[in-house]
Amino acid sequence: MKFLGKFDWLIIVILILAAIILFIPHGQSAPIAEIYHDGRLVMTVDLRVDSHFSLEGMEIAVSGGRISVVDSDCPDRICVNQGAIDRPGIPIVCVPNRVVIKIPAGDTQFDAITQ
């Protein structure tokens, strides 16, 4: 008994390739990060330039196009444990220091529901 024929393998390969293409990022990473304190924009950082600076008891580092909190005086250090970000959508938030670091999304893409 033959389980999979040539046509079946062709369909499987096409489906795998389609799945891989869907998971490839289509947009470029944003070249800047915005840092907010108490809801106000206090700094815009170029992610193409490696740098290290302090803000409200936090040590922030930019390296390799990514931004991260490397040290903080907050009790739980969740902002440090979150790691580096390089894409829009997942901000670094430090509630005790009232600091939010995010990468702006740039051009917004509409989908079928929001059009």
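The values are calculated or read from the model by the stated rules, or taken from the named source; none is laboratory data. Small disclaimer: the values here were computed from a predicted structure and weren't measured. Every residue, glycine as well, gets a Cβ built from its backbone with ideal geometry; the counts of neighbours run over all protein chains shown.
Side notes on the structure shown:
- Of all the criteria given as (1) of a type outside the set (Lys, Arg); (2) modelled with pLDDT under 90; (3) loosely packed, with under 12 Cβ neighbours inside 10 Å, the one not satisfied by GLU56 is (3).
- Among the residues examined, GLY5 qualifies as of a type outside the set (A, V, I, L, M), surrounded by fewer than 13 Cβ atoms within 10 Å (Cβ to Cβ) and either over 18 Å from the mean Cα position of the chain (by Cα) or closer than 15 Å to ILE101 by Cα (or both).
- Flag for ARG40 being exposed (fewer than 15 other Cβ atoms within 10 Å of the Cβ), of a type in the set (Lys, Arg) and either in contact with a Leu (Cβ under 7 Å, 6 or more places away or on another chain) or free of Cβ contacts under 8 Å to residues at least 12 places away in the same chain (or both): yes
- For the stretch 43-62, a residue qualifies if it is in a loop (DSSP other than H, G, I, E, B) and of a type in the set (A, V, I, L, M, F, W, C), and the qualifying residues are LEU47, VAL49.
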